[in-house]
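These notes concern the structure reproduced below.
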Amino acid sequence: MATLWGGLLRLGSLLSLSCLALSVLLLAQLSDAAKNFEDVRCKCICPPYKENSGHIYNKNISQKDCDCLHVVEPMPVRGPDVEAYCLRCECKYEERSSVTIKVTIIIYLSILGLLLLYMVYLTLVEPILKRRLFGHSQLIQSDDDIGAWGHTPVIPALWEAKVGGSLEPRSSRPLWATWITSLLQMHTMC
């Protein structure tokens, strides 16, 4: 029993240390990524125009240049139709921080890891603790403990004795159930 406890404690501490080390490594990489990378782009959604189908254009440019003339390349129309085509396009400047996305993923993975550790605790450690605290016989019941056929305890209230005779089984149904059944039978006869 002591070796099992020692093994479980070593497993728990090993999992905790590995989660901590993984978190430190990921946060170190996030700080490096924060210095180098921010996702900025201009996104133009252009609907169908004449014989051209609709298309979505993305380009990494500054916010002041976020318009159809700077983003849509190659331009699908020529000449005077360019202005009419660009008026139909909707361009938006988008800024996304990859650090925020990574931190969110780390939080979700950490919660998932904690839930898995809790599941391991519930399946492995808690039954051992219950067995140690409450004793083996109360935790696990065999068929004999539950009352298998032939070993059913006798409840005296369910037996009635006739004068000069032996005990005979009485109905185990409650009185109100018998009363409701008779009322339902009378109602169906009417």
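Taking θ as phi - 60° and the Karplus parameters 6.51, -1.76 and 1.60, the scalar couplings of the stretch 42-54 work out to 10, 10, 10, 10, 10, x, x, 9, 6, 8, 8, 7, x Hz in sequence order, x denoting glycine and proline. Protein-only accessible surface at a 1.4 angstrom probe places the residues LYS102, LYS64, LYS50, LYS92 in the order LYS64, LYS50, LYS92, LYS102, largest first.
Using a probe of 1.4 Å on the protein chains alone, the accessible area found for LEU109 is around 110 Å².
LEU116 exposes around 90 Å² of accessible area when a 1.4 Å probe is run over every protein chain in place.
Among CYS42, CYS91, the order of accessible area from largest down is CYS91, CYS42, computed with a 1.4 Å probe on protein heavy atoms. Potential lengthening of the chain between ILE107 and ASP39 amounts to 22.4 nm, from the contour at 0.36 nm per residue minus the alpha-carbon distance. Full extension of the segment from ASN52 to LYS92, taken as 0.36 nm per residue of separation minus the current Cα-Cα distance, would add 12.3 nm. Note on ASP65: accessible area is roughly 50 Å² with a 1.4 Å probe, heavy atoms of protein only.
Across ARG132, ARG78, ARG96, the residue with the most accessible area heads the list, and the full order at a 1.4 Å probe is ARG78, ARG132, ARG96.
The values are calculated or read from the model by the stated rules, or taken from the named source; none is laboratory data. Owing to the predicted nature of the structure, the values given are computational and were not obtained by experimental measurement. Each accessible area value is taken on the protein alone, full model and side chains, heavy atoms only, with ligands, DNA and RNA left out. Shrake-Rupley method; radii C 1.70, N 1.55, O 1.52, S 1.80 Å.
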